[in-house]
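Heads up, the thing below is written out as structure tokens.
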Amino acid sequence: MKHPFPHFSLLSAATRCVLSLLVLTLTLLTPHRLLAQATYTPTPECLESRQEFADMKFGIFLHWGIYSMFGQGEWYMQNANLDWREYQKAASAFYPHLFNADEWVQAIKASGARYITFTSRHHDSFSMWRTEQSDYNIVDATPFGRDVVGELADACHRQGIRLHLYYSHLDWRRADYPLGRTGHGTHRDLKPCWDTYLQFMEGQLTELLTRYGAIGAIWFDGVWDHDSDSIPFDWDLDRQYALIHRLQPRCLVGNNHHQDVNPGEDIQIFERDVPGQNLAGYSGDMQISQLPLETCQTMNGMWGYKITDQDYKSTDELIHLLISTSGKGANLLLNIGPQPNGQLPATALDRLREMGQWLSVNGETIYGTRAGDVAEQSWGASTRRGEHLYLHVTDPDVRELTFTLPVRVVKAASFADGSKLTYRQLQDKAGHRWFVTIQVPEHTPTVDYIIDLVTR
Ligand code: GLC
């Protein structure tokens, strides 16, 4: 933000904050300030990167931080109203001696996932890399002393999988973060100052995007902390987005704000719901955009490690979720909460292995596809790549499918063994649509019976 006051930097910090607040209030009253950047023209590199993102279809989310030590999920500091001085003692005991970035990446790659999204700094303010913007970080504040983001980035680059970084906009520990609707019980002496907080975040984003090689995306979270403010809160998103695109033109911007996308964002995120649904209650205000889409979902119920949560979704459920997101043209970002000792939970490793087995056989019907022409049905979903329309029949009892298509079917076969399938089709009078009926043969029940249609 530019300050209309001369010699601004010579004033005391307190006076600067009061003046900044005044400027902010005045500018907030000017309607155009309420909007993010009105236009945004993505560069050719960025557009290419968006398509590559949309092709990947499956990523693994990792929520790991000092909160993992409590085994109560990543919101423990807020939910238990922990005093920040007490909470930070977890940092001085954080020593995940079994952490091995290469092992994580290997297990994740074997699942068929094409990217990893890692929590660089969550709402508790703790940074998982050697940041110079605060000593509350994994290298300076723990006996472990290793740069986890750095090790993970190296392992990802070595093993050829993309790294995306989650970054929290809100903060439960810093005094300068302008308090929103969470983090009221952490006993900070609040001295809200947007200028210093923004500087801190921009300093951190600059480190993340200049030290660790190519970063596929920055995944913001926390804007919803100010969604109940009486005066809309200006997060200066356009400034942060521009910084990211300037430092790494191929790095995509995503923001889990639960609202319609803003200019400067390259992917649209849906929390715990496939696009178009709102079962979890976060997506009610969102229209599906033209951007590449991503659904994030937990493997059990919590993002960060939760010791009592062994309620893992079965491999079949997870495969159905991947089919359902792919059918909407979206990616699935599936979360694991690594343990405080540095290992991925054993059940999560089983799920990764089993999803990998399924994808190694059926990946052709998922990777590189876009939403299929047949919208999600009670029997399953469809994906399309070029001339191929893949019908994923996830209901094992269905014996006949009927649907309409804008194109003609020239071939129908079982994807598994190529055997021909019986079908009928009728064109409507206007010649715009085809009414298709296909028989699903008796087969040994599988998680997904795939029909490969060639259409022209
Ligand atoms: C929510 C939670 C956060 C989690 C995120 C993942 O925004 O606040 O803890 O990281 O969802 O989607």
Response to the item:
Within the range 171-214, DSSP-loop trypsin sites (Lys or Arg not before Pro) with at most 15 other C-beta atoms within 10 Å are 181
Practice prompt. List the residues whose amide H sits under 5 Å from the amide H of residue 411, counting only those 5 or more places along or on another chain, with H placed 1.01 Å from N in the peptide plane.
Written response: 454
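Counting DSSP beta bridges with both partners in the chain, what percentage is antiparallel, nearest 5? Before the final figure, lay out the partial values.
On the way: 34 of 70 bridges.
Antiparallel: roughly 50 percent of the beta bridges in the chain.
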Item to complete: For residue 372, enumerate residues with amide H under 5 Å from its amide H, sequence gap 5+ or separate chain, H modeled in the peptide plane.
Response: 329, 382, 383, 384
Discussion item. Give me the one-decimal nm value for the distance between modelled label points at residue 456 and residue 184, 7 Å along each residue's Cα-to-Cβ direction.
Written reply: 6.6
Item to complete: Compute the FRET efficiency between residue 420 and residue 100 as 1/(1 + (r/R0)^6), taking r as their Cβ-Cβ distance and R0 = 45 Å, and round to the nearest 0.05.
Response: 0.40
Worksheet item: How far is helix 315-327 tilted, in degrees, relative to the longest principal axis of the Cα atoms in the chain, given as a value from 0 to 90 rounded to the nearest 10?
Response: 90
Worksheet item: Relative to the present Cα-Cα distance, how much length would full extension add between residue 48 and residue 433 at 0.36 nm per residue of separation?
Response: 135.3 nm
Discussion item. Run the simple label-point estimate for residue 140 and residue 214 please: 7 Å along Cα→C-beta, distance reported in nm.
Written reply: 3.2
Worksheet entry | Relative contact order of the range 43-369, defined on C-alpha pairs under 8 angstrom at six or more residues apart (%) | 25
Worksheet, complete the sentence: Two pseudo-spin positions, 7 Å from Cα along C-beta at residue 175 and at residue 272, lie apart in nanometres by 3.5
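Measure up 57/328; 57/109; 57/420 against 22 Å on the Cα-Cα distance and list the ones that go over. Each step should come with its number before you reach the end.
Details: 57/328 11 Å; 57/109 13 Å; 57/420 28 Å.
Where the Cα-Cα span goes over 22 Å, the pairs concerned are 57/420.
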Worksheet item: To the nearest 0.05, how large is the calculated FRET efficiency for residue 39 and residue 446 if R₀ is 56 Å and r is the Cβ-Cβ distance?
Response: 0.70
Worksheet entry | Segment residue 287-residue 411, length gained on full extension (0.36 nm per residue, minus Cα span) | 41.1 nm
Practice prompt. Could you tell me how many degrees, from 0 to 90 and to the nearest 10, lie between the Cα long axis of helix 346-362 and the main elongation axis, the longest principal axis, of the Cα atoms of the chain?
Written response: 40
Discussion item. Between 0 and 90 degrees, rounded to the nearest ten: what's the tilt of helix 101-110 against the longest Cα principal axis of the chain?
Written reply: 20
Discussion item. Using DSSP to call loops (not H, G, I, E or B), can you name the GluC sites (Glu not before Pro) in the range 347-456 whose Cβ has at most 15 other Cβ atoms within 10 angstrom?
Written reply: 387, 442
Item to complete: Could you check how many percent of all C-alpha pairs in the chain are farther apart than 38 Å?
Response: 28
Worksheet item: Given the C-alpha centroids of the range 276-317 and the range 144-171, what is the distance between them in whole angstrom?
Response: 22
Worksheet item: Taking 0.36 nm per residue of separation and subtracting the Cα-Cα distance, what length does fully extending residue 321 through residue 92 add?
Response: 78.5 nm
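Since every read-out is calculated from the coordinates, none of them should be taken as a lab result. For clarity, every value in this text was computed on a predicted model and none was experimentally measured. Counting neighbours? That spans all protein chains shown, and the Cβs are built from the backbone with ideal geometry, glycine included.
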